[in-house]
Each structure stands twice: as C-alpha cells, then as structure tokens.
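Visitor: The structure's right below; bear with me while I get my questions together.
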Amino acid sequence: MADKTNMMYEYYRIPEGAVKSGTPVSIYLKIERRSAHNPSFCTENEHFPMKWVLFEKGFDIYKTVFTPETGLYFFKFKTDIFELDGGQITVYDKSFTTPDWIYGGLIYHIMVDRFCRSGDTPVRDDAIFHENKDDTPLFLPDENGIVKNNDFFGGNLKGIEDKLDYLSSLGVSAIYLSPVFKSFSNHKYDTGNYLEIDPMFGTEADLVSLCKEAKKRGIRIILDGVFSHTGDDSVYFNKYGNYDSVGAYQSESSPYRSWYNIRSRNDYDCWWGISTLPTVNKNEPTYIEFIKNVLTHWQSKGVSSWRLDVADELTDPMLDNIRIAAKGADPESLIIGEVWEDASNKIAYGKRRHYLLGSQLDSVMNYPLRSAIINFVKFGDAGGLKACIETIMTNYPPPVINCLMNIIGTHDTERILTVLGSDKTFSSKTEMAEFSLSEEEYSFAVRRLKLASFLQMFLPGVPSIYYGDEAGMQGLIDPFNRKFFPWGKENTDILSHYRKIIKFRKNSPVFKEGLYKTEYAANGIFIFKRYDETGSLTLAANASSSPHLLFTRIYDMLNGEYTDTLNPYGFVIYGEEGKNEREGF
C-alpha cells in the first residue's frame, strides 16, 4: 500500500497489463474508511465517478469501469480531500498482432566483418586488412586525428552461410545482421548505397543464398535498417565525389538535396555532431517513399525482418510507412526498434511516442532488462529486477512481450563477460585495448554469466545472443567488443551451458507465450513462475555468495538432479507436476 498524507490506499484493475482497444477495464480503489469521500478515476482528459461496492477490514472499496480506445492513459484518483497517485494504462489497437514464428525462438546478432570469412575478400585500396584474426581492432586516430573505422577482418556473407549448421545446432531462429549495405566503415552504419551489398561482404546473390539456406534450417534473416542518417561518402550526399551521382552536398539541384539540411558547404545537420553522418529529413516524402522501396526490394530477395537503428529518431510518419511497406511485402515480417528506455511511454525530442500501440513497431531491444539482470547478478538487486519485469508486463502489450528482444550484450555495450568480471576504470583506450580478465576474474565472471544468461533465456521475451558471448569473448567498449569470433578457441564450458538452456527453453512450450509471476525477490534471491494452460515451471536464481535453502526438496529439471539448496550463483527449474510425480508430495 502507499501512504498519502497519512491515508492508506491501493488500487488494482481487471484485466491487468496492457489491453486491447474497446476492452472494459474495471478500476478498483481500496481506501481507509472515512479518510476521504467521493473518489473519481481521472485520466488526462476524462473524469469517472467511482461507486462504493464493499467494506472490508477497515477499507472502503470503490469501482468504476473505463472503456478506452487506442492510446496511452495516465491516471490518478481525486477525492474531496486529496489527489492520489495512479499509474499508466497502455491500450493497443485490437487488430495488433506480431509474428508468432519468433515466439519461443532465439535471435543471434552478428557483425558481419567479425564473424566468419569464406573465400577471398576483395580489399579496398583505402582499407586496412587484418590477416591475423586475433588482432585487436584499430582504435587510435590517424595523423589527422580521425578514427576512420576502416580496418577489416574479412568476415562476409558466405562465411555466415558456412556457419549455418553451427547456428542451427545452437537453436537459432533468426540471425540479426549488422548493416550490410555498401559503406566506407567496417561497421556500415554510414550507409553509402541502400540498394547495394558492400563488396567486402559479398554480393546480392550471396545475400539471396544466405536467406535461402537459412530458411531451409528454419532460420530467418533480420537486416539492420539505418534510416536516420547516411554516410557523407554516399550516393545521396557524395561529399567526396566517389559516386557517379549528383549528391546533395555537391549541388542544390541534386534530387537528394531535400533529404538533408545543408546551410553551407561545411555546415549541415549531422548525427550527434559527427560530420561523416549527415542526418536525413525523416518527414521528406521522397525519402520516405525511397526507404519503402528499399524495404520491399530486400524482402523480395529473401530478407525476413528489420531492426531499426535509433528508432526514436525516426518520425511517426516514417515509422508508420515502414510498417506498411514491410508488412505489405510480408505480413510475417518482424520490426524491432532500437529503444533504450521503456518504449511504451518514451518521450523523444519533446514528443510522446507510440511505438507499441499497433501501427509502428512489433518489438524493441530490451535494454532495461539488461540493466536489471546485470544489477541483480552483480549486486543482488532482486527488487530492481522484479520492478523492471513487472513494469514491462504492465506497460507492454502481450504481442510485444512475446517477441521482446532480450539482450545482455550488443555491439553498443561492453562484452557481458567483461561487465560481470571487472569494475575497473580506465584512463584511455590504450589501457582498454590491453585489458583482459585475470584467471580468477574470468572464472568468477563465467559463473555470473551462466546466471545472467539463465535469466535472459527464461524471462518473458526472446533472447538475443551477441555473437561470441556463447564462446566466452571478452572486450570493453567499441571497438574492443567487436573482435573476430574465436573459431576453434571457444570456451566449451560456456558453450555447453548455452546449448543446455537453449534446448530446455525450446522444449518447453510455456516459454512461447506463457504468463509470468514473481514469487520471491529479496536478499539476492529471485524466484519466478512461467505458466500457461499446459502447466507451470518455477525458476529460481541465487545472486548471493551464500547458499539458499529451498522450501522443500525438489527435482531440478534443468540439471537432472534432486536438491534442496540453491547454490551461490546457481539456478534451478522445477514444476509442480514433476515434483509430485518424483517425490510423492
């Protein structure tokens, strides 16, 4: 209960969580008797008187019914004496669905240049090529003080195709590729041509082949759509004249001029002040129409879905049109947005966004959960993990929850093993480049990683593995988190752990669309339940350095053994039915 000027109250509603438009929602207010009168349920624009329905143990209970249309509603309660804090109701379009092929699945995130090389890679004259795959990526500026990101390791699309059997054996349902379009940099977030595969990665035929071979194994390909900015070295901007086009930088008469805000030759809007990344006018009709054609072109070649880079920088009209184009080409296309905060109520650039109401995104990268998992595993913050998950379960529509991209590492974060193994601070990137965990730190980090990945795998949503995390890769911030995959040098202990938890997840239907309930969250212990009409599973995790005695002896279904103890940094899975059958309770 909450305390408001010495008044005790609580509220609840049926149904809980996000609701479909047009769904009647019963709102209940439970308040100390005679502490206030005439309560009302109030949204930003409406006022609903509440009727008294019951007296129970010193409290009056009031009720009203609210039938909202699509939108985001923030509510509070008013009485004749006080205003009482309320919360949020997310109301999504009743026709909103997300692709169920990803439910219960697994995403694998690959930076193409750093995963696997097959055959000869054509190397540009202005590129630096690493023959040694164990090299540290370049990070120091050149003689002009510029970090060019023009060093390559030779990973390509054919290399990924060669490793499809490995990915299939791991249990991967979808491969999310970093950008593949022609660009100057190794990371390709500076698009040069949206309609051409970068020659160092391969050809359009190579992408078609990858999509085809992946599909045979039940794996779909997700491309990274970088539509908030282009490269300055591009067909569209053409700052250096490297393309056979009249770019926006070159002439006011360029067909691309309206795509950019150019005030003078060296004064134009660019992404986060980086001059090599000119920002695009996301409301420009010709640009929106062009991007729609980009989506349909690549989907016609076998691409399944899209991850939208910096989705909060894309305007509502653009996001609306991206959905129209992608779903028009394939209704089963999955659209994932890069949003780092609670995507249900985020304000970006002074405007409340509505990513998850049914007309824009299907899913987002679940950065809040990543932070909560790390804080639990490192510091035992079970309460924070509980609050994070329950906020998501309250604010996000079920179709979104079922395909949430649950991450613990990405190309924009430190490697999860490094995060969990060290809190060291660094004064320079040179120190970062030379850093690796000590043997003791590494061993401890592995224990923590197993716990973190256990939570990532079994909490609501779809886990996404950043390439190499399952192999024990280390690394601090970019570019040290983007080293080449250590083929033949994988940590087999970590890899075996991933295989085991992925297999268990895929064999348990409760993790596809199953509901969630927190059972216990305190003292470094987190216990939760996943359940549906087929049954229920209870999962327990211990982030403390002390053993935790369970309520009774259980059969740990994950590890195949009986136990009554949750070991330090340990975890178990048990089911009521299985316990009864095996133990005779």
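Visitor: Taking only the range 527-551 into account, find how many residues are of a type in the set (Asp, Glu) and assigned to a strand (DSSP E or B).
Guide: First, the residues of the range 527-551 that are of a type in the set (Asp, Glu): 532-533.
Retained after the next criterion (residues that are assigned to a strand (DSSP E or B)): 532.
Going through the range 527-551 one residue at a time, the tally reaches 1.
Visitor: Grab the helices (runs of 4 or more DSSP H) fully contained in the range 365-484, keeping just those with 1 or more residues being in contact with a helix residue (DSSP H, G or I) (Cβ under 6 Å, 6 or more places away or on another chain) and in contact (Cβ under 8 Å) with a residue 40 or more places away in the chain. So that I can check it myself, show each step before the final result.
Guide: Values: elements: 367-379, 382-395, 398-401, 416-421, 429-434, 439-458.
Output list reads 367-379, 382-395, 416-421, 439-458.
Visitor: Would it be correct to say that Asn366 is over 30 Å from Glu69 (Cα atoms), of a type in the set (S, T, N, Q) and assigned by TED's automatic domain parsing to the domain that holds Ser178?
Guide: Details: over 30 Å from Glu69 (Cα atoms): no; of a type in the set (S, T, N, Q): yes; assigned by TED's automatic domain parsing to the domain that holds Ser178: yes.
It is false that Asn366 is over 30 Å from Glu69 (Cα atoms), of a type in the set (S, T, N, Q) and assigned by TED's automatic domain parsing to the domain that holds Ser178.
Visitor: Can you tell me which residue within the range 38-52, out of those that are of a type outside the set (Asp, Glu) and in a loop (DSSP other than H, G, I, E, B), is nearest to Phe75 (Cα to Cα)? Quick ask: steps written out before the conclusion?
Guide: Initial filter on the range 38-52 (of a type outside the set (Asp, Glu)): 38-43, 45, 47-52.
Checking which are in a loop (DSSP other than H, G, I, E, B) leaves us with 38-39, 43, 45, 50.
On the way: Asn38: 16, Pro39: 13, Thr43: 4, Asn45: 10, Met50: 14 Å.
Once the filter is applied, the top-ranked residue is Thr43.
Visitor: Please list, ordered by residue number, the strands (runs of 3 or more DSSP E) wholly in the range 53-129 having 2 or more residues that are out of contact with any Pro (no Cβ under 7 Å at 6 or more places or on another chain) and surrounded by fewer than 21 Cβ atoms within 10 Å (Cβ to Cβ). Quick ask: steps written out before the conclusion?
Guide: Numbers: elements: 59-66, 71-78, 83-92, 107-110.
Result: 59-66, 71-78, 83-92.
Visitor: Take the residues of the range 255-276 that are small (Gly, Ala, Ser) and closer than 19 Å to Phe227 by Cα: which is modelled with the highest pLDDT? Spell out the reasoning first.
Guide: The first filter runs over the range 255-276 and keeps only residues small (Gly, Ala, Ser), leaving 258, 264, 273, 275.
If we keep only those that are closer than 19 Å to Phe227 by Cα too, we end up with 258, 273, 275.
Numbers: Ser258: 98, Gly273: 93, Ser275: 94.
Among them, the one singled out is Ser258.
Visitor: Of the residues Ser258, Ser275, Ser254, Ser333, which is surrounded by fewer than 19 Cβ atoms within 10 Å (Cβ to Cβ) and either at positive phi or assigned to a loop (DSSP other than H, G, I, E, B) (or both)?
Guide: Just one listed residue meets the conditions, Ser275.
Visitor: Condition (residue is surrounded by fewer than 16 Cβ atoms within 10 Å (Cβ to Cβ), assigned by TED's automatic domain parsing to the domain that holds Tyr396 and modelled with pLDDT under 95) applied to the range 155-166: is it met by at least one residue?
Guide: no
The values are calculated or read from the model by the stated rules, or taken from the named source; none is laboratory data. This one's a predicted model, so the numbers in the text were calculated from it and none came from an experiment. Ideal geometry is used to build each Cβ from the backbone, glycine not excepted, and the neighbour counts take in all protein chains shown.
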